[in-house]
1. For a 31 Å ceiling on Cα separation, which of these pairs sit above it: K42/K226; K11/K352; K85/K230; K294/K352?
2. What is the sum of charges around P164, taking Lys and Arg as +1, Asp and Glu as -1, for the other residues whose C-beta is under 13 Å from the C-beta of P164?
3. Return the FRET efficiency for the residue pair N314, M377: r is the Cβ-Cβ distance, R0 is 25 Å, and the value is rounded to the nearest 0.05.
4. What is the range 112-183's relative contact order, in percent, from Cα pairs under 8 angstrom and six or more apart in sequence?
5. Restricting to the range 4-172, compute how many DSSP beta bridges are antiparallel as a %, nearest 5.
6. Could you state how much accessible area K76 has, in square angstrom rounded to the nearest 10, with a 1.4 Å probe and all protein chains kept in place?
7. What's the carbon and sulfur percent of the range 4-172's accessible surface, probe 1.4 angstrom, rounded to a whole number?
8. Compute the Cα gyration tensor for the range 65-132, then decide on rounded, prolate or oblate, letting a ≥ b ≥ c be the square roots of its eigenvalues: rounded whenever a/c is under 1.5, prolate when a/b is larger than b/c in the other cases, and oblate in all that remain.
Amino acid sequence: MENFIFQNPTKLVFGKGQIAKLSELIPTNVNLMITFGGGSVKRNDVYRQVVEALDGREFIEFWGIEANPHVETLRKAIALGKEEKIDFLLAVGGGSVLDGTKLIAAGIAMEDEAWDIVLKGYAKKQIPFASVLTVPATGSEMNGGSVISRAETNEKFAFFGNNPQFSILDPEVCYTLSEHQVACGLSDAFTHVLEQYITTTGQSRLMDRWAEGILQSVVEIAPLLKKDPKNYDLNADYMLCATLALNDMIRMGITQDWTTHMIGHELTALHGTTHGHSLAIVMPAAMSVLRRQKNEKLLQYGERVFGITEGSENERVQKAIEATETFYRSLGLTTRLSEEGIGDETIEMITKRFNERGVAFGEKGNVTGDVAREILMACK
Ligand code: NZQ
Ligand code: ZN
């Protein structure tokens, strides 16, 4: 195990009716701006609950943070926030509203241009922010990451900074998610764990067991949620799985991969593929191409998550990869580029981008543009 520092300062406020706690959670003397997406929160009662909880307190609203939030939109929010001397932000929405708000928080606190902050990869300063989460998927509610797109160039990059001060997670907000949204959310949570787990064995028994616990829980609840999408306890498990999958808890002192995400972000940037869906396409192919270096971990994963114990090592690894693809498909997601009408041109474009950037992804730093190309060829 490598040395590490773990500190997760986000206060999680979890459960039915917890949005009502907003008033006591937001400091009283702040100048507040609330950020939203396109309006789903008005259709599902979340907006009403937020306004009611604030009980006459003054705030301004910024609407229109789109899925895969655009820097072009966020610049407007930064300008408004500066003009209004905003010093506290509340994001109400999915990962995109949360991520967008993290950039707004940085843009208000600093003079740097918004896209420069993203390209630098980290924000030196941010005004405080918090969230009411409405889509379990990204873990953004309890981590310091933020992924921002630039529409004019079809680029998508992550930067890192502070965590939300608090996040309110009420599983009842999930009741209005479509089956496809839940599929993408479960796929994202599942893949976050795989990115931190499918590396090498023997680094930490505890990290392995926590990761496997989340993977097993997601596999168990996925078919149940499909049949019973308004079941409170299932949604509570779904929500907590997604949060714990990417809140630093399962990656203490271990190596990580993230190849699938880096390739997935390019598919989203170039084709608008929903984030969780892009991962379902790339992950099985990434496992296949990197199967030799990940052999021991794929064996452990196959056995502990899918009960695969029969056959030679090679056969068991093959079965584990197939079980992964079958799981994504069971959610209702396609797992091949051709099924989404994505062809060779995109593969060449991503390879070119990665080669120009000189990337070296993965736990061994050996996933170059050419290896990414092999992975993309394997998910055709
Ligand atoms: O915009 P509105 O009208 O609010 O509708 C939204 C939007 O269409 C809708 N929605 C939100 N809550 C709903 C709802 N519809 C019905 N019922 C509800 N309760 O869902 C859509 C928004 O989804 P979005 O926020 O984009 O989804 P998600 O939470 O999956 O976030 C995806 C973004 O997060 C990034 C992704 O790359 C992508 O840009 N990620 C962020 C990470 C992080 N910060 O750590 C890590 C992830 O790997 C990921 O990259
Ligand atoms: Zn993700």
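The values are calculated or read from the model by the stated rules, or taken from the named source; none is laboratory data. It should be emphasised that the depicted structure is a prediction, and the values quoted were computed from it without experimental measurement. Counting neighbours? That spans all protein chains shown, and the Cβs are built from the backbone with ideal geometry, glycine included. The protein model used for the area step is the full one, side chains on, heavy atoms only, and it has no ligands, DNA or RNA in it. Shrake-Rupley method; radii C 1.70, N 1.55, O 1.52, S 1.80 Å.
1. K11/K352; K85/K230
2. With Lys, Arg at +1 and Asp, Glu at -1, the neighbours total 0.
3. Given R0 = 25 Å and the Cβ-Cβ separation, E is 0.75.
4. 38
5. Counting only bridges with both partners in the range 4-172, antiparallel ones make up about 20 percent.
6. 130
7. Ligands and nucleic acids excluded, carbon and sulfur give 49 percent.
8. In terms of gyration-tensor shape, rounded.
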